[in-house]
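The values are calculated or read from the model by the stated rules, or taken from the named source; none is laboratory data. None of these values were measured; they are calculated from a predicted model. Please note: Cβ atoms are built from the backbone with ideal geometry, for glycine as well, and neighbour counts cover all protein chains shown. For accessibility, only protein heavy atoms count, side chains too; no ligands or nucleic acids. Shrake-Rupley method; radii C 1.70, N 1.55, O 1.52, S 1.80 Å.
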Amino acid sequence: MSNPSATFPNETYLNGLRIADAIVVDALYNEFRLTVAKAIQSMGGSYADGNTFFRLSVIQTSLLLQHGQYPDDTPIFIFLKDLAVAQYSDWLREKGQELPMLPEPSSEEIPVINVLPDLQAMLEVRQQIRVKRQFTKLNVEDQRQILRLANLTAGIESGAQNKDIGTAIQSIERFKKLLDEKGKEWETPLPGWVATTLTDSHFNQIWTDCEALERRLYSSQVPASSENKTIRNAFILFVLLTIGFAAYTWVTQDHSPAKVYDNNFQPPNSILEDMAIRYSKDSISPIRPDACSLCFSKADEYYKKQEWREAAVELVPMIDDSLAVCQSDAFFYLAIIGLQLDNPELTLEFISKIEDLDRFGEEIYWYMALAYVKIAAIDPTEKDQAKRAVERALSNTEIPERRVQAEKMLEELAQ
């Protein structure tokens, strides 16, 4: 089984999913989505099927963790992958379609397969997702009416339920039509399986996290495989060279994230000088191919002149597997260049690919926090996510100056 290297310890992913932390969901998407999607494709599914069932597995895993039902010490990637495969197989069975021949499970997968949720639990999650998806297709007034009834049905609110049913009858009918339940008699205004979904705060939070991510990823979903590395690398370069930034009206917006970002984004002045400092503590410096040294040297010339795209062009060749010893450094400086280009999503993408955690672990948390602050500077509704990212950076730094810096950032973001 092709198991991508995880950026963070397993417990970080589990704790994050347990509380539906959008930052952890982002990391899971960056690191594991394409590999899980490829597993679904190998079973005859489409690329869209792969993404759909990866999302489903993230949501169900988060629910299992929140309810204390996740099997202890199970690697998150293996669980997500095998759950996605099991969900896809059960969905095919439900639709009466021919089941594909499943690959022989590895020794790592067998114990995970044995503790996956049963078929009923998988069906219930698919049903929850169907309810939520169709609910989002309703107009705002219909959503308000349906949510009011859901709260009444779940006992969250009290009130004259019969009166509420009378005013919401058309909304109920439109919702039933979307759910393909038109003509069926519901024993209550909203059956339990509908009301529970719409009032489950944890389910709705993890759904929202995934939805926000997929909106950002929608325009750039390109499947990666060993056969198309050239296409993948060209795509990354294309994004760097052509990405544009939408203009936002700042008159009425919260400016604190922008100020925090401007005051704390302090990138190195030189790639080569920064690398020299980073490796100066090593008793034995790493031996790099001449090709790497040449690329870093050329990239630094452009970097010092603030010609960011040209610097990125020189760094991109080092993300090829043949230059693996140079990859973490290349991804790190590409991540910084992503911020210089006002593209924090690209920064997060490159950060997720850094494998040398011993050398870059603290830097990963720090620049990830800055990326989320930059996102909040663009879209102030993401401010809470930025605060969580800075809190994580604060808890993972041992540098006194950075601790002071992070604490001040949190104070300013709280204003």
Inset, instruction - Could you list, in sequence order, all residues of segment 189-212 that are open to solvent by 10 Å² or more (accessible area, probe 1.4 Å), over 15 Å from Leu179 (Cα atoms) and in contact with a Phe, Trp or Tyr (Cβ under 9 Å, 6 or more places away or on another chain)? - result: Thr196
Legend entry - Where Met122 falls short, out of the listed (1) in a loop (DSSP other than H, G, I, E, B); (2) more than 18 Å from Thr35 (Cα to Cα): (1)
Inset, instruction - Filter segment 100-124 for residues that are open to solvent by 20 Å² or more (accessible area, probe 1.4 Å), under 25 Å from Val194 (Cα atoms) and of a type in the set (A, V, I, L, M) and give the result. - result: Leu116, Leu119, Ala121, Leu123
Inset, instruction - State yes or no: is Ile146 open to solvent by less than 30 Å² (accessible area, probe 1.4 Å), part of a helix (DSSP H, G or I), hydrophobic (A, V, I, L, M, F, W, C) and modelled with pLDDT of 90 or more? - result: yes
Legend entry - Elements of type helices (runs of 4 or more DSSP H) contained in segment 1-99, each with 3 or more residues being acidic (Asp, Glu) and surrounded by fewer than 17 Cβ atoms within 10 Å (Cβ to Cβ): none
Legend entry - Checklist (1) surrounded by fewer than 18 Cβ atoms within 10 Å (Cβ to Cβ); (2) in contact with a Ser or Thr (Cβ under 8 Å, 6 or more places away or on another chain) applied to Gly338, failing item: (1)
Inset, instruction - Write out, first by first residue and then by second, each pair whose Cβ atoms fall under 6 Å of each other, whose residues are 6+ apart or on separate chains, and whose first residue, in segment 17-41, is on the phi > 0 side of the Ramachandran plot while the second is among the aliphatic types (A, V, I, L, M) and modelled with pLDDT of 85 or more. - result: Ala20/Ile206
Inset, instruction - Look through Ser293, Ser352, Ser322, Ser328 and report the one residue that is touching a Ser or Thr at 6+ places or on another chain (Cβ under 8 Å) and small (Gly, Ala, Ser). - result: Ser352
Legend entry - Counted residues, segment 304-329 - those being over 19 Å from Leu346 (Cβ atoms) and either free of Cβ contacts under 8 Å to residues at least 12 places away in the same chain or among the charged types (D, E, K, R) (or both): 5
Inset, instruction - Residues being loosely packed, with under 12 Cβ neighbours inside 10 Å, in a loop (DSSP other than H, G, I, E, B) and at pLDDT 85 or above: count how many of those fall in segment 149-188. - result: 1
Inset, instruction - List every residue pair whose Cβ atoms sit under 8 Å apart, with the two residues 6 or more apart in sequence or on different chains, where the first one lies in segment 86-114 and is at pLDDT 90 or above and small (Gly, Ala, Ser) and the second, anywhere, is surrounded by 12 or more Cβ atoms within 10 Å (Cβ to Cβ) and not in a loop (DSSP other than H, G, I, E, B). - result: Ala86/Ile113; Ala86/Met122
Legend entry - Residues (charged (D, E, K, R) and either out of contact with any helix residue (DSSP H, G or I) (no Cβ under 9 Å at 6 or more places or on another chain) or under 16 Å from Ser62 (Cα atoms) (or both)) located in segment 99-123: Glu104, Asp118
Inset, instruction - Return yes or no: is Gln127 under 25 Å from Thr52 (Cβ atoms), part of a helix (DSSP H, G or I), open to solvent by 30 Å² or more (accessible area, probe 1.4 Å) and free of Cβ contacts under 8 Å to residues at least 12 places away in the same chain? - result: no
Legend entry - Selection from segment 303-346 of residues that are closer than 18 Å to Asp274 by Cα, touching a helix residue (DSSP H, G or I) at 6+ places or on another chain (Cβ under 7 Å) and not aliphatic (A, V, I, L, M): Tyr303, Trp308, Glu314, Cys326, Gln327, Ser328, Asp329, Phe331, Phe332, Tyr333, Gly338, Gln340
